[in-house]
Amino acid sequence: MPISGSEIVKMLPGKKPCKDCGFPTCFAYAMKLASGGATLEKCPYLAPEVKAKLEDLLAPAMKLITIGSGDKKVQVGNEEVIYRHEKTYIHPPGIALLISDKEDGAKVEEKIKKIKELQYPWVGITIKAELVAPYFESGDKNRYLALVKKIYDSTDLGMILVAKDLDVLFAARDICADRRPLLYPITKGNIDAAIPKLKEKSTPIGVRAESIEELIPLTTKLKEAGVDEAVLDPGSRNIRDAIRDQTFIRRAALKQGFRLLGYPTIAFPCFMAQDTLKEVLTASVFINKFASIIVLSDFNQHTLLPLLVQRLNIYTDPRFPMAVEEKYYEIGEPDENAPVLITSNWALTYFIVFSAIEATKIPSFLCVKDAEGLGVLTAWAAGKFSGDSVGAMIKKSGIESRVKHRRIVIPGRVARIKGELEEALPGWEIIVGPREASGIGAFLPEYAKSLR
Ligand code: SF4
């Protein structure tokens, strides 16, 4: 549970006020610490034991874990709320593709190709699976290491190394250590042997137990050893137990502030379901509740895309509508006679209108007015898509230098801004377009002809 500023200030030195931290009082500094806006290093008078205690109290309730490196790194954890509507979820679960070393060369190639190619542009971003999990199943160490090397050489993705044999697990880590692979599983049976090797190189690990109760001594031992980058697997292998365990871990971390379960979790639909449909449904449950890494045995576009869209929807911050930048966008290669249309900057509105124009194959300019991420009608009702503000945007955008005509198409739903916009844009003719984007296909071809 987060500590408040008034609790922190009781632990500060309280010099009268010396201001060496850059804040006018200890209380002001404490408030900043509580909100995450300052670090403990700023006050030089903190006793070491107080500093250590504050460090612990100020640490996030759930650890942030990084797998992979560079722009392909995947970060999970650091969540602050149980339910998205309380604030927002922060780090979407990483979706991983399991590749067994028992699979033949052609299948391995196919899976590597799949995870590289199945990427989808979606309202301005690209959604995709981002982790690959080589699985030691054959019992042949060399075969597994060859698989790890092949994946390492042919992708730049984050990796989850799945091998029960510690010798094999650490040999695999040495192949791809620079990519910060996650090592799984660390268990009651191998933890003592694993800790010295884990301390050699900082690497995230997956802690596997047969129950939540069994996880706690393992995380205690890891904390004591200073190995703290972990994701948890409570061992549940059916949906009912998994929901129970995932919920318990999330609540213990965030509501009770129980540090020994304050880690993200990993889930394995690949080991829980016998057929593809059940596996996808199980993965879908884990996206909602509350896995941070989800490992699938296989996927194709029909099974992966719905999961990616579900994940995007759940992990989109509900406080901020998805929006695109205010400017004019070119569709095709518009010339000086091309139509000019305007819409608001809610991402969904923008992409629907853009796609409708694109489908007509008529090169056009689409001006997008910043309406704080609202759709056209809502933006108008909120005073963010008025004739004045649209006129100002058009003047500022530079579109006047791109076309020789002075005609602009406004959405039919806000026809009432026509008069105001004519006043704001002297010399421009305001055309009222279709009420819905679906009408653009019928409207635009004839209209474009009239401009030539
Ligand atoms: Fe208080 Fe420390 Fe800041 Fe001085 S430096 S005002 S003692 S918090």
Read through the list (1) open to solvent by 70 Å² or more (accessible area, probe 1.4 Å); (2) under 23 Å from residue 255 (Cα atoms); (3) modelled with pLDDT of 90 or more, then give the number of the only condition that residue 8 fails. (1)
Given (1) open to solvent by less than 40 Å² (accessible area, probe 1.4 Å); (2) β-branched (Val, Ile, Thr); (3) over 25 Å from the mean Cα position of the chain (by Cα), number of the condition residue 282 does not satisfy: (3)
Of the residues in the stretch 196-248 that are aliphatic (A, V, I, L, M) and assigned to a loop (DSSP other than H, G, I, E, B), the one that is farthest from residue 173 (Cα to Cα) is 209
Which listed residue, of 347, 359, 382, is free of Cβ contacts under 8 Å to residues at least 12 places away in the same chain and outside the structural domain of residue 91 (by TED's automatic domain parsing): 382
Residue count for the stretch 17-67, restricted to those that are within 8 Å of the ligand (Cβ to nearest atom) and of a type in the set (D, E, K, R): 3
Which residues, counting only those in the stretch 253-274, are without any contact (Cβ under 8 Å) to a residue 60 or more places away in the chain and either open to solvent by 10 Å² or more (accessible area, probe 1.4 Å) or touching a Cys at 6+ places or on another chain (Cβ under 8 Å) (or both)? 258, 260, 271, 272, 273, 274
Looking at this structure, is residue 305 assigned to a helix (DSSP H, G or I), over 28 Å from residue 376 (Cα atoms) and under 16 Å from the mean Cα position of the chain (by Cα)? yes
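Here is a yes/no grid of residues against (1) touching a Cys at 6+ places or on another chain (Cβ under 6 Å); (2) surrounded by 18 or more Cβ atoms within 10 Å (Cβ to Cβ); (3) within 25 Å of residue 283 (Cβ to Cβ); (4) not β-branched (Val, Ile, Thr):
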residue	(1), (2), (3), (4)
165	no, no, no, yes
173	no, yes, no, yes
186	no, yes, yes, no
190	no, no, no, yes
193	no, no, no, yes
204	no, yes, yes, yes
215	no, yes, yes, yes
236	no, yes, yes, yes
241	no, no, yes, yes
The lone exception for residue 200 - which of (1) open to solvent by 20 Å² or more (accessible area, probe 1.4 Å); (2) closer than 22 Å to residue 139 by Cα it fails: (2)
Which residues, taken from the stretch 189-213, are at pLDDT 95 or above and farther than 14 Å from residue 166 by Cα? 204, 209, 210, 211, 212, 213
It is to be established whether one or more residues within the stretch 136-155 are within 20 Å of residue 70 (Cα to Cα), open to solvent by less than 40 Å² (accessible area, probe 1.4 Å), in a strand (DSSP E or B) and not hydrophobic (A, V, I, L, M, F, W, C). no
The stretch 23-35 residues that are within 9 Å of residue 8 (Cα to Cα), paired with ones that are more than 9 Å from the ligand (Cβ to nearest atom) (beta carbon under 6 Å, 6 or more apart): 30/5; 30/8; 31/5; 33/8; 34/4; 34/5; 34/8
With in the same structural domain as residue 132 (by TED's automatic domain parsing), of a type in the set (A, V, I, L, M, F, W, C) and open to solvent by 30 Å² or more (accessible area, probe 1.4 Å) as the only criterion, which of 248, 290, 299 stands out? 248
Within the stretch 74-115, residues being open to solvent by 30 Å² or more (accessible area, probe 1.4 Å) and modelled with pLDDT under 95 number 8
Every residue from the stretch 333-348 that is out of contact with any Lys or Arg (no Cβ under 8 Å at 6 or more places or on another chain) and open to solvent by 60 Å² or more (accessible area, probe 1.4 Å): 333, 335, 346, 348
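The values are calculated or read from the model by the stated rules, or taken from the named source; none is laboratory data. The structure displayed is predicted, hence computed values, not measured ones. Heads up, the Cβs are rebuilt from the backbone with ideal geometry, glycines too, and the neighbour counts pull from every protein chain shown. Ligands, DNA and RNA are excluded from the accessible area calculation, which covers all protein heavy atoms including side chains. Shrake-Rupley method; radii C 1.70, N 1.55, O 1.52, S 1.80 Å.
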